[in-house]
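These notes concern the structure reproduced below.
The values are calculated or read from the model by the stated rules, or taken from the named source; none is laboratory data. For clarity, every value in this text was computed on a predicted model and none was experimentally measured. Cβ atoms come from the backbone with ideal geometry, glycine included; neighbour counts cover every protein chain shown.
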Amino acid sequence: MLIYTVKFFRYYESHTERFWFFLRRFVVGLQLELLMKTRRLCVFPKDVQCITGKSERYGRRLLADIRVFLKKEPHQFITVYEFAAYCGLDVEDLFDYLD
């Protein structure tokens, strides 16, 4: 009986160690995925169109107005933070919408 008990515990230990190893890898993978999730920082006319429900041309005009307001060059991007501040929207809502 003792031999079977020892074999059972060795089998159980090896499988629980594997289980905990894979569980730790899975949890660490989830944490890394949540931490490393990339967010877009730039807003484009198509995004403005989807957010406001207006035309893409309106999005281009709005982004041009924001560039003038912020004294940016035409080649510089508008960030989500700048767009949210200009339009009076919540930044987290924009990030959720863009993702």
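Considering the range 37-72 alone, what residues qualify as being under 17 Å from ALA85 (Cα atoms) and assigned to a loop (DSSP other than H, G, I, E, B)?
Listed by number, the residues that qualify are ARG40, LEU41, VAL43, PHE44, LEU70, LYS71, LYS72.
Between a first residue in the range 49-65 that is aliphatic (A, V, I, L, M) and a second residue that is surrounded by 14 or more Cβ atoms within 10 Å (Cβ to Cβ) and at pLDDT below 95, which pairs have beta carbons less than 6 Å apart while being 6 or more apart in sequence or on different chains?
As it stands, the answer is LEU62/VAL48; LEU63/ILE78, since those pairs meet every condition given.
Just one of (1) surrounded by 14 or more Cβ atoms within 10 Å (Cβ to Cβ); (2) in contact with a helix residue (DSSP H, G or I) (Cβ under 7 Å, 6 or more places away or on another chain) trips up ASP90, so point out which.
Just one mismatch for ASP90, condition (1).
This table checks each residue for (1) modelled with pLDDT of 90 or more; (2) surrounded by 14 or more Cβ atoms within 10 Å (Cβ to Cβ).
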{"site": "ARG25", "(1), (2)": "no, no"}
{"site": "VAL28", "(1), (2)": "no, no"}
{"site": "TYR58", "(1), (2)": "yes, yes"}
{"site": "ASP65", "(1), (2)": "yes, no"}
{"site": "VAL68", "(1), (2)": "yes, no"}
{"site": "PHE77", "(1), (2)": "yes, no"}
